[in-house]
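Engineer: Pasting in a structure now, in structure tokens, and then I'll have a few things to ask.
The values are calculated or read from the model by the stated rules, or taken from the named source; none is laboratory data. Quick caveat: nothing in here was measured; it's all calculated off a predicted structure. Quick reminder, even Gly has a Cβ in these numbers, built from the backbone with ideal geometry, and neighbours come from all protein chains shown.
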Amino acid sequence: MILGYRFQKVKLRISKAGQRVYFNTETDKDFTMLKGIALSVGYEGALYGSTFGFRVDEKEIFDESHEAHLLVYSNDISPNSKMLLFEMPVPVKSSKVEGIYTDSSLQSLLGNASYNPSGGVISRNEVNIKKTYVSGKEVVKFSNFTVDDNLVAYAGSGSGFGGGFGIGAAPAPDPAAQVYYPYDVRVILFLSK
Amino acid sequence: MTKGRITYYPVQFIILNPKAPVTINTVLPNHISRILGIKAIHSVGIEQMSSESYLPVIGHLSLEFNNKQYHFGNLDIPFDNRPEASDEYLDARIDVQPNSLLTGNYENKVFTDSAYVGADGVVTDKWKNYIVTIYLKTLSND
């Protein structure tokens, strides 16, 4: 017997600072509504500044700069209190879903000195460093994912905030907020009939 | 039945000087037809200046929609890195005009003393830039 709902999972492993992990899969064919989404991490300290973009059938639900910690439950938080439940469930039918998790992506923007002297809105082109969504026809199997090694932050000397914009010019992380790698992120899709 | 789908649109802005107000001025995408909820949060940066995990107010944000025709109000922005931090959206029912501006101002309220910014307005090494994000829960018709 098939239950009326299912939590479909995709597991991602973040191996180093600034890593971007892309996945795509398709929703279970027996379920027709995507009612919610959550991320689960074993290591909460990694979340702040990390982002998660998400699309269904090539239509964006979350921009790539959506902060991951807004979607997360961990040992301290029950799933139903942090899972984002969609007010309008997203219709699915073996739909293609894509996601992109970027570790520490917002920290890389802190060193940008090219804005107005007081600051201002960060342009979309800079926030979404590289649009990673792929519109290819192939659907990668569940839990398969690819890693973009060219986009690794903190490759520079960690010289603080003096550098210009660039992934390699990200500021050195605060020792108090030290992140340990690798860590795993599970993407949980709440499907119903 | 309402047509369209809900998307979440973030607008990030950076604060580079503790005493200088930040002007927000950006065009919302054409596919956004309605704002259903608004949330403004600190994203990154403050944790490099404070060992606290919660500061109730780090700044004041004023927001206007539809080319300054609709003033949403003034919001206090907290710094909240606690796991139990609220992730609720403020209710809003704003019909968005095509290609209209989202405007506003942000005024920083923390780390404004002379240790962080000199009399000449130049920030010291103790000051760290930080980012605030406005999340718009929107009805999209794309």
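Engineer: Examine region A:13-30 for a residue that is under 10 Å from the mean Cα position of the chain (by Cα), of a type outside the set (A, V, I, L, M, F, W, C) and on the phi < 0 side of the Ramachandran plot, and state whether such a residue exists.
Structural biologist: Yes: one or more hits.
Engineer: Every residue in region B:101-131 that is small (Gly, Ala, Ser) and crowded, with 19+ Cβ neighbours inside 10 Å, please.
Structural biologist: Within region B:101-131, the subset small (Gly, Ala, Ser) is B:104, B:114-115, B:118-119, B:121.
B:104, the sole residue that qualifies.
Engineer: I've got another one for you. Return the residues of region B:57-104 that are among the charged types (D, E, K, R), part of a strand (DSSP E or B) and free of Cβ contacts under 8 Å to residues at least 40 places away in the same chain; say none if nothing qualifies.
Structural biologist: Restricting attention to region B:57-104, the residues satisfying the condition of being among the charged types (D, E, K, R) are B:64, B:68, B:76, B:80, B:82, B:84, B:87-88, B:91, B:93, B:95.
Subset that is part of a strand (DSSP E or B): B:64, B:76, B:80, B:91, B:93, B:95.
Answer for region B:57-104, where residues must be among the charged types (D, E, K, R), part of a strand (DSSP E or B) and free of Cβ contacts under 8 Å to residues at least 40 places away in the same chain: B:76, B:80.
Engineer: Another question, then. Residue under question is residue B:56, and the condition is that it be buried (at least 19 other Cβ atoms within 10 Å of the Cβ), more than 8 Å from chain A (Cβ to nearest Cβ) and out of contact with any Lys or Arg (no Cβ under 6 Å at 6 or more places or on another chain); does it hold?
Structural biologist: Details: buried (at least 19 other Cβ atoms within 10 Å of the Cβ): no; more than 8 Å from chain A (Cβ to nearest Cβ): yes; out of contact with any Lys or Arg (no Cβ under 6 Å at 6 or more places or on another chain): yes.
Judged against the criteria, residue B:56 is not a match.
Engineer: Follow-up. Which members of region A:49-73 meet the condition of being under 14 Å from residue A:187 (Cβ atoms) and among the small types (Gly, Ala, Ser)?
Structural biologist: Selection gives A:50, A:53, A:68.
Engineer: Wholly within region A:74-121, which strands (runs of 3 or more DSSP E) include no fewer than the required count, namely at least 1 residues that are facing another protein chain (nearest Cβ under 7 Å) and modelled with pLDDT of 90 or more? So that I can check it myself, show each step before the final result.
Structural biologist: On the way: elements: A:84-91, A:96-102, A:119-121.
Filter on region A:74-121 gives A:84-91.
Engineer: A follow-up question, please. Working only within region B:14-39, note down all residues that are under 27 Å from residue B:122 (Cα atoms), more than 7 Å from every other protein chain (Cβ to nearest Cβ) and buried (at least 20 other Cβ atoms within 10 Å of the Cβ).
Structural biologist: Listed by number, the list holds a single entry, B:18.
Engineer: Also, quick follow-up: Does region A:40-48 contain any residue that is part of a strand (DSSP E or B) and under 22 Å from residue A:103 (Cβ atoms)? Show your work before the answer.
Structural biologist: Here is the first cut: in region A:40-48, the residues part of a strand (DSSP E or B) are A:40-41.
Going one step further and asking which of them are under 22 Å from residue A:103 (Cβ atoms), we end up with A:40-41.
Looking through region A:40-48, at least one residue is part of a strand (DSSP E or B) and under 22 Å from residue A:103 (Cβ atoms).
Engineer: Follow-up. What about residue B:47, is it at the interface with another protein chain (Cβ under 9 Å from one of its Cβ atoms) and touching an Asp or Glu at 6+ places or on another chain (Cβ under 7 Å)? So that I can check it myself, show each step before the final result.
Structural biologist: Details: at the interface with another protein chain (Cβ under 9 Å from one of its Cβ atoms): yes; touching an Asp or Glu at 6+ places or on another chain (Cβ under 7 Å): yes.
Yes: the conditions hold for residue B:47.
Engineer: Another question about this same structure. Exactly one condition in (1) in contact (Cβ under 8 Å) with a residue 12 or more places away in the chain; (2) surrounded by 22 or more Cβ atoms within 10 Å (Cβ to Cβ); (3) within 14 Å of chain B (Cβ to nearest Cβ) is false for residue A:33; which is it?
Structural biologist: (2)
Engineer: Looking only at residues that are touching a Gly at 6+ places or on another chain (Cβ under 8 Å) and touching a residue at least 60 places away in the same chain (Cβ under 8 Å) in region A:55-97, which one is surrounded by the fewest Cβ atoms within 10 Å (Cβ to Cβ)?
Structural biologist: Filtering first and then ranking leaves A:85.
Engineer: On to the next question. Filter region B:111-133 for residues that are within 9 Å of chain A (Cβ to nearest Cβ) and outside any loop (DSSP other than H, G, I, E, B) and give the result.
Structural biologist: B:130, B:131, B:133
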